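A.B. asks: Let me begin by handing over the structure; questions about it come next.
The values are calculated or read from the model by the stated rules, or taken from the named source; none is laboratory data. Keep in mind the model is a prediction, meaning the values are calculated, not measured. Reconstructed Cβ throughout: ideal geometry from the backbone, glycine too, with neighbour counts over all protein chains shown. With ligands, DNA and RNA removed, areas are computed over all heavy atoms of the protein, side chains included. Shrake-Rupley method; radii C 1.70, N 1.55, O 1.52, S 1.80 Å.
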Amino acid sequence: MSQPAPEDYSDEELLAMLKPAQLAELDRQIGDMFGAEGVDKAEALLAMANVYGMRAAERDETSALAMLQLAAAMRRRAELMLAARN
């Protein structure tokens, strides 16, 4: 049986492929990337995650998987930010 295509994984599955230290570092880098902007960070993260998801289809499987993991981490962080607001 073959492995699913990168786009067939859920966000949870994509993030589970990362070690906790990798996910923490990715989260820190995402936070740094949006730290000083005056834009609504959660919405900007969701928009960027969508772009990464669309672009992943144009990449080789390894690059696509990495891009989709980044997109999943961005969505995860945006959801946490939105939940904190409410």
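A.B. asks: What's the extension gain from E61 to L18 if we count 0.36 nm per residue and subtract their Cα-Cα distance?
C.D. replies: That works out to 13.9 nm of additional length.
A.B. asks: Which residues make up the longest stretch of the chain clear of GluC sites (Glu not before Pro) that lie in a DSSP loop with no more than 16 other Cβ atoms within 10 Å, not counting the sites?
C.D. replies: 1-36
A.B. asks: Which residue, chosen from M67, L26, A56, occupies the Cα position most advanced towards the positive end of the dipole of the stretch 10-85, where the dipole is computed from +1 (Lys, Arg) and -1 (Asp, Glu) charges on Cβ about the Cα centre?
C.D. replies: Checking the options against the dipole of the stretch 10-85, the answer is L26.
A.B. asks: Just one of (1) 72, 31, 22; (2) 71, 60, 10; (3) 46, 26, 22 is Cα extents along the principal axes in Å calculated from these coordinates, so which is it?
C.D. replies: This structure yields the entry labelled (3).
A.B. asks: Of the heavy-atom accessible surface of the chain (probe 1.4 angstrom), what whole percent is carbon and sulfur?
C.D. replies: 55 percent
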